[in-house]
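The values are calculated or read from the model by the stated rules, or taken from the named source; none is laboratory data. Worth saying up front: this structure is predicted, and the values here are computed from it rather than measured. Here the Cβ is made from the backbone with ideal geometry for all residues, glycine too, and neighbour counts use every protein chain on show. The area values use the complete protein model at the heavy-atom level, side chains included, leaving out ligands, DNA and RNA. Shrake-Rupley method; radii C 1.70, N 1.55, O 1.52, S 1.80 Å.
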Amino acid sequence: MNSIVDMVGVSKSFRRIPVLQDVNLSVRQGDCLAITGPNGSGKSVLFKLMCRFVVPDTGHISIDPAYLSPKGTFPVGFGVIIDRPGYIASRTGMDNLRELAAIRRVIGDDEIADAMERVGLDPETSQPVGKYSLGMKQKLALAQAFMEHQPVLLLDEPFNGLDESSVALVRELLQGFLDEGRTIVFTSHNPEDVAILSTRRCVIDNYHLVEK
């Protein structure tokens, strides 16, 4: 199976405080990899390293060139939720996603509306994002992560703030993506999410990533 991301001996510290040490990980095509660990254990930093938003102190990270931008800098084939995306509070969800879609110009309003509907949001509502509930903002973040048909999804706490029916909806959506052959790496504090979705499981323990 093809490897999309390879991390070899990766370590990262901030202000000399270690966050991750000697991480070795291979994300393969079709994986649904769950990353668990307590708050502050480095899960978000791991995702930022995978996306090249953060540079490791030591070690090497390689990304399959098929998923990189033409200049080979950042992965354009990745749909990402990390630290919750920032939105224009006075604009609607549809308007916010239009702004994001305008960066690459690979989708139009139909695809944006479809992504919103698939997570249970109304693309025609005039409600500004500033008045969205936590769950609605989470759904909007999910929609932006997959609306451009990204083959790899890196989702930090995708179920955060969702009620029971929305959790079931998102689980079904992610399972559908896996059935299509997409690759998912996600974090969750809920063992049920991990048990239902994941094909592989890793835990961050004392700065190290251990596959279970």
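Quick notes
- For segment 56-141: rounded, prolate or oblate by the Cα gyration tensor [a/c cutoff 1.5]: prolate
- Cβ-derived FRET efficiency at R0 41 Å, residue 126 paired with residue 26, nearest 0.05: 0.35
- Once the Cβ-Cβ distance of residue 16 and residue 210 is raised to the sixth power relative to R0 = 25 Å, the FRET efficiency obtained is 0.55.
- Computed over the chain: relative contact order in percent, which uses C-alpha pairs under 8 Å that are six or more apart: 28 percent
- Spin-label zone in segment 150-172 - amide nitrogen under 15 Å from a point set 7 Å from the Cα of residue 117 along the C-beta vector: none
- Over segment 84-208, Cα pairs under 8 Å with separation of 6+ residues give a relative contact order of 23 percent.
- Gyration tensor verdict on segment 44-86 (Cα atoms; rounded if a/c is under 1.5, prolate if a/b is larger than b/c, oblate otherwise): oblate
- Computed with a 1.4 Å probe over protein heavy atoms only, the accessible surface of segment 79-199 comes to 46 Å² per residue.
- Degrees, to the nearest 10: 93-104 long Cα axis against longest axis of the chain: 50 degrees
- Based on the reciprocal of the average 1/r between different C-alpha atoms, the Kirkwood radius for the chain equals 17.7 Å.
- Secondary structure note: in segment 39-193, about 20% of the DSSP beta bridges are antiparallel.
- With each label modelled as a point 7 angstrom along the Cα→C-beta vector, the residue 64-residue 173 pair spans 2.4 nm.
- Taking 0.36 nm per residue of separation and subtracting the current Cα-Cα distance, fully stretching the chain between residue 52 and residue 98 would add 14.1 nm.
- Applying 0.36 nm per residue to the separation of residue 189 and residue 90 and subtracting their alpha-carbon distance, the gain on full extension is 32.5 nm.
- Taking every lysine pair in the chain that is 8 or more places apart or spans two chains, those with Cα atoms closer than 24 Å amount to 11.
- Divide the volume of the convex hull around the Cα atoms of segment 1-120 by the residue count and you get 158 Å³ per residue.
- Rounded to whole Å, sorted largest first: equivalent-ellipsoid semi-axes of segment 119-188, Cα gyration tensor: 21, 13, 11
- Rolling a 1.4 angstrom probe over the chain with all protein chains present gives an accessible area of which 50% lies on carbon and sulfur atoms.
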